[in-house]
Amino acid sequence: MDLDKLRKTAAEIVSRDDVKYLIGWRRGTFGYRVSPHFVRDAAGADELIFSPLCISNLANYLTLVEKLPVPRGQEPDTRKVALMVKGCDSRAVAQLLAEKGIKREEVVVVGLPCPGMIDRKLLAEKYPETEQAAEIRWRGEDFVLVDGEEETVIPRAEVLAEKCRLCRHPNPVLSDVTVGEPVEPWAAAEDSGVAEIMAKNAEERWAYWEEQFSKCIRCYSCKNACPLCYCEDCILDRLDPIWVNRSVNFSENTAFHLARAFHLAGRCIECGECERVCPAGIPLGKLNRMLAQTVREEYEFEPGLDPEAEPFQASYKPDDPEEFIL
Ligand code: SF4
Ligand code: SF4
Ligand code: SF4
């Protein structure tokens, strides 16, 4: 990644009168960790990075921060927000545009072709002694951990995030400016996690999800991290009428997860954020990818590729395969 070019591009964007700020990543405060970064000037642009740890999908700021009510007496700041996006993140932007959750003229998209991200939990498990190292970079197909003069090569297959192993769209599907050269999708790998669940019969699947949903503490991190969970009035937060009780037990947890999964069917862009932030280790990625796979196979539809697409749940084709309907 040509960081100089990225920073120069960012500085030019934030110097525009019609841009409020640019959202990207910078080094965190501990070891190789990274954190989101709001860039407002050239000095801020100099702190930007793009590394194998920039896994978080920043697209949810477009709805999380930008849709907050404006305090009484203040005028809304209607300038554009610039956003750095990987392939999966750009699909979230495209899906938000398709749903009219945001308008195209409200955003400047900085596209970053993505060679794949590290699953930090795997990295800490396999290389616990390296957590204080300064930086991680891509090198060829692998990753390299840089600690002063010392470099440790980490084989890609050991720590690559599951979503990246399955990624079909590493290059941004839309952007106003792209920094970096297009990369080839690695994908092609079968989704073994989904295949394993699909191979189970109905009772076995129920037992599997019962075990998983029972672990949920209803912290709602999955919902908050998801770029496509942005309804102002969420059915899961409603108290009158109440659809899902606050009590944390298998029955209410299941109602929560099923409501969320079905609201995301044909909308989830498989960024994996829900699973990444879950403190209980629930494999939400498998659940959402199962639905995404069904939508691809039964309706030949993939969300987040076309910002002009009709929303999946609000449209149909007379020749939809729908083979599962008896
Ligand atoms: S899913 Fe694709 S675009 Fe997203 S981080 Fe992984 S490789 Fe990059
Ligand atoms: S993040 Fe995990 S524990 Fe929290 S509500 Fe979601 S599934 Fe449950
Ligand atoms: S449900 Fe999970 S994987 Fe799908 S868009 Fe939301 S956070 Fe990303």
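None of the figures in this text is laboratory data; all of them are computed from the coordinates on show. Nothing here was measured: the structure is a model prediction, and the numbers come from that model. Reconstructed Cβ throughout: ideal geometry from the backbone, glycine too, with neighbour counts over all protein chains shown.
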**Study point:** Greater than 18 Å apart at Cα, pairs in LYS103/LYS163; LYS80/LYS100; LYS100/LYS223; LYS86/LYS163; LYS103/LYS317
**Key:** LYS103/LYS163; LYS100/LYS223; LYS103/LYS317
Point to revise | Added length on full extension, which subtracts the Cα-Cα distance from 0.36 nm per residue, ALA199 to ASN245 | key: 13.3 nm
Check your understanding: Antiparallel DSSP bridges in the chain: what percent, to the nearest 5?
Key -> 65
Check your understanding: What nm value, rounded to one decimal, do you get for the distance between ARG79 and GLU158 when each label is placed 7 Å out toward the C-beta?
Key -> 4.5
Check your understanding: With labels modelled as points extended 7 Å from the Cα through the Cβ direction, what inter-label distance (nm, one decimal) is found for ALA314 paired with VAL177?
Key -> 3.3
Review point. Could you give the nm distance between label points at VAL277 and ARG168, where each point is 7 Å from its Cα heading toward the beta carbon?
Key: 2.6
Study note, to complete from the structure: Long-range amide H partners of ARG33, meaning residues 5 or more apart or on another chain whose placed amide H is closer than 5 Å, are GLY28
Practice item. Find which of LEU236, ALA314, GLY281 sits farthest along the positive direction of the dipole of the stretch 192-314, computed with +1 on the beta-carbon of Lys and Arg, -1 on that of Asp and Glu, about the Cα centre. Key: GLY281
Review point. Based only on the alpha carbon positions, what is the Kirkwood hydrodynamic radius of the chain, in angstrom?
Key: 21.2
Point to revise | Sequence-distant residues sharing a close amide H with ARG139 (under 5 Å, placed H) | key: VAL144
Check your understanding: Local charge sum around ARG205 (other residues, Cβ-Cβ under 12 Å, Lys/Arg +1, Asp/Glu -1)?
Key -> -3
